[in-house]
Amino acid sequence: MIQPDPLLPGDRIAILSPASIINPAYVNGACATLSAWGFRPEVYPHALGAHGSFSGTRRERLDDLSQALADPGIKAILCSRGGYGCAHLLDCLDADAALWSRPKWLIGFSDISALHALWGKRETASIHASMAKHLTLGPEDPLNRRLLSILSGEGCPAVEWTAPEETASYCRPGTGAGILRGGNLAVISALIRTPYDPFAPGSILLVEDIAEPIYKVERIMWQLRMCGILKSLSGLIFGQFTDYRPSRDHLTMEKMLAQFADDLPAGAPVAFSAPIGHIDTNHPVLLNSPATLTVSSNGGCNLTFN
């Protein structure tokens with residue numbers, strides 16, 4: 001996997017909106033934090049636009065992202081937010097080989113998971129992290145500092161957590177190594193059997209989601225089971241599944257997910273309750289990059305980056 005170059009003071013970071021409309025105040029706040037770190041943020045022409053629920057037409061959003069990829073002076077691309085719309089851009093971006101001659105950091109999560117899958121197809125590391133809204137918390141926010149550590153070449157710090165009592169028993173102990181892939185479960189499951197399918201054998205899979213009913217998430221997990229994806233993984237990380245309604249029989253999301261843990265090969269770890277997803281403490285991590293997941297019998301979990 002290719003890792004983009006570390007950023008230096010004065011380097012330019014593109015801020016664009018490849019999916020939904022963004023509150024301009026969040027973009028302004030992100031610019032302030034990036035500038036405080038010594039970088040030069042550049043808000044792209046359609047980043048603050050509106051076309052229905054999107055920030056721009058497909059052509060406008062594609063133009064912004066293509067121009068950022070083609071500009072040799074842009075060292076990183078910060079997506080302002082997710083929402084919906086990134087899937088519209090994949091085929092055109094992938095078709096232009098010249099855009100991939102200078103690897104750049106991609107930053108974002110949620111619908112941006114579709115772009116992470118494209119970066120993965122191009123064998124380029126990317127950063128699953130909160131976006132403009134969280135950056136408004138300032139340059140000293142701990143998670144923002146974690147993002148800075150990755151961008152500046154200091155490396156991605158390990159993520160360590162202990163699953164709470166209600167999910168610790170669902171964890172499956174073990175150690176697994178592989179390329180960390182994934183993101184938002186609903187987004188990446190729609191890419192199965194496409195050129196951007198991120199479910200590669202031997203991977204550590206990270207998944208999270210928001211506002212999806214339990215039965216819809218279960219349907220996706222059955223799809224992964226029937227496709228043989230789960231049994232090919234080196235490890236599985238369930239992040240946060242938020243804003244969902246419990247089922248009528250009071251089944252929790254985590255209990256439903258636990259029924260798929262044994263689909264993985266013997267010894268492959270399964271972690272629950274990772275601090276990753278649509279939460280205030282969404283830890284930045286490297287996707288499309290080698291990682292090791294260790295899960296202990298008491299629900300202690302450790303994700304390190306090689």
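A few comments on the model shown:
- For Lys104, the lysines whose Cα falls under 25 Å of its own Cα, not counting residues fewer than eight places away in the same chain, are Lys75, Lys121, Lys133.
- Given the choices [x] 145; [y] 132; [z] 118, volume of the Cα convex hull per residue in Å³ derived from the coordinates of this structure is entry [z].
- Across the range 17-136, the mean sequence separation of Cα contacts (distance under 8 Å, 6 or more residues apart), normalised by length, yields a relative contact order of 33 percent.
- Rolling a 1.4 angstrom probe over the protein heavy atoms with all chains in place gives the range 203-306 an accessible area of 41 Å² per residue.
- R0 of 35 Å, Cβ-Cβ distance Thr242-Ala200: FRET efficiency to nearest 0.05: 0.85
- The overall shape of the range 173-306 is rounded: from the C-alpha gyration tensor, with semi-axes ordered a ≥ b ≥ c, the ratio a/c is less than 1.5.
- Here the extension length gained between Ser53 and Trp222 equals 57.7 nm, from 0.36 nm per residue of separation less the Cα-Cα distance.
- 0 to 90° range, to nearest 10: angle between helix 214-226 axis and the chain longest Cα axis: 80
- Interchain or long-range residues, amide H under 5 Å from Leu180's placed H: Ile204, Asn288, Ser289, Ala291
- Carbon and sulfur %, accessible surface of the chain computed with the full protein complex present, 1.4 Å: 52
- Residues whose amide H lies under 5 Å from that of Leu106, counting only those 5 or more places away or on a different chain, are Ile77, Ile127; hydrogens are built 1.01 Å from N in the peptide plane.
- If the segment from Ala95 to Glu166 were pulled out straight at 0.36 nm per residue, it would be longer than the present Cα-Cα gap by 20.9 nm.
- Relative contact order %, the chain, counting alpha carbon pairs below 8 Å whose residues are six or more apart: 20
- Most to least accessible of Asp280, Asp141, Asp96 (protein chains only, probe 1.4 Å): Asp280, Asp96, Asp141
- For the chain, the longest principal axis of the C-alpha atoms and the axis of helix 24-36 are separated by about 80°.
- Net length gained if the chain between Glu123 and Met256 were fully extended (0.36 nm per residue, minus Cα distance): 44.6 nm
- Of the peptides 63-76, 16-29, the order by per-residue mean of other Cβ atoms within 10 Å, starting with the highest, comes out as 16-29, 63-76.
- Neighbour cut-off at most 10 other Cβ (10 Å), DSSP loop, chymotrypsin sites (Phe, Trp or Tyr not before Pro), the range 187-228: none
- Shown here for the range 186-277: trypsin sites (Lys or Arg not before Pro) in loop regions (DSSP other than H, G, I, E, B) with at most 12 other Cβ atoms within 10 Å, namely Arg193, Arg248.
- Of interest is the spacing of the C-alpha centroids, which for the range 165-235 and the range 64-142 amounts to 21 Å.
- Averaging the sequence gap over all C-alpha pairs within less than 8 Å and six or more residues apart, then dividing by the number of residues, gives the range 208-306 a relative contact order of 29 percent.
The values are calculated or read from the model by the stated rules, or taken from the named source; none is laboratory data. Note that the structure is a prediction, hence the values are computed from the model and not measured. With ideal geometry, Cβ positions are generated from the backbone for all residues, glycine too; neighbour counts draw on all protein chains shown. These area figures cover heavy atoms from the full protein model, side chains too; ligands, DNA and RNA do not enter into them. Shrake-Rupley method; radii C 1.70, N 1.55, O 1.52, S 1.80 Å.
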